[in-house]
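See structure below.
Taken together, the values in this text are just the output of simple stated rules run on the coordinates, not laboratory data. Computed from a predicted structure; not experimentally measured. Cβ placement follows ideal geometry from the backbone for every residue including glycine, while neighbour counts extend to all protein chains displayed.
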Amino acid sequence: MYAGRLVESAATDPVFYDARHPYTLGLMASLPRIDVDDVVIGSDVDLRSGRRLKPIEGQPPSLLHPPPGCSFHPRCDLADIGGACTEEVPALRRVAIGHTAACHFADDLEARAAAVGTADAIDLVHAAPVVEGPTA
Ligand code: SF4
């Protein structure tokens, strides 16, 4: 949920391994890891990856006067400002079986990050924690 709207829905594994909305990726990238041995209290560095935890910059939007287009666009590193993201509310649509997302670029966030070309955009797509799944 973001600004009162469902923006991504899937079972747990796709959310962890294949998130398709930048807000979900932002939430994942801001999670401290608890599955590491050497937790440093007060540190914002993920000791496994060595990266800093990445906050989602900015503030949640007004629900009375939400921004035009995608309500996440003022905070989104992948936003197409002046294009689809500020012009059109993205529909919640199916991106895989049992997986829906409301982002204009949900089908290929990596390509969008490459097109944006900023370190923030690329980090967003690649900074989400890689969680080892259960082994069979
Ligand atoms: S539609 Fe645009 S602003 Fe909204 S989450 Fe996707 S890339 Fe970001």
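Applying a 10 Å radius around every beta-carbon, put 83-92, 64-73 in order of their mean neighbour count, most first.
64-73, 83-92
Taking the Cβ of Pro68 as the centre, find all other residues whose Cβ is under 10 Å away and add up their charges (Lys, Arg: +1; Asp, Glu: -1). Could you put the intermediate results ahead of the total?
On the way: positive: none; negative: Glu87, Glu88.
Spelling it out: positives minus negatives among the neighbours equals -2.
Once the other residues with Cβ under 12 Å from the Cβ of Val116 are scored (Lys, Arg +1; Asp, Glu -1), what is the net sum?
Around Val116, the charge tally is -4.
Which of His21, His104 comes first, and how do the rest follow, when ranked by fewest Cβ neighbours within 10 Å?
The most exposed by this proxy come first: His104, His21.
In nm, to one decimal, how far is the Asp108 label point from the Tyr17 one, both placed 7 Å along Cα→Cβ?
Going from the Asp108 label point to the Tyr17 one covers 2.3 nm.
Rank these for me by crowding, Ile56, Ile81, Ile97, going from fewest to most other beta carbons within 10 Å. Walk me through the numbers on the way to the answer.
Values: Ile56 18, Ile81 12, Ile97 8.
Lowest to highest Cβ neighbour count: Ile97, Ile81, Ile56.
Below 9 angstrom from the Cβ of Arg20, what's the summed charge of the other residues (Lys, Arg +1; Asp, Glu -1)? Provide the component values of the computation, followed by the final result.
On the way: positive: none; negative: Glu8, Asp18, Asp107.
Local charge sum for Arg20: -3.
How would you order 1-9, 111-119 from highest to lowest mean count of nearby Cβ atoms within 10 Å?
Answer by packing, highest mean first, reads 1-9, 111-119.
At what distance in nm do the modelled label points of Asp120 and Ala96 sit from each other, each positioned 7 Å from its Cα along Cα→Cβ?
2.7 nm
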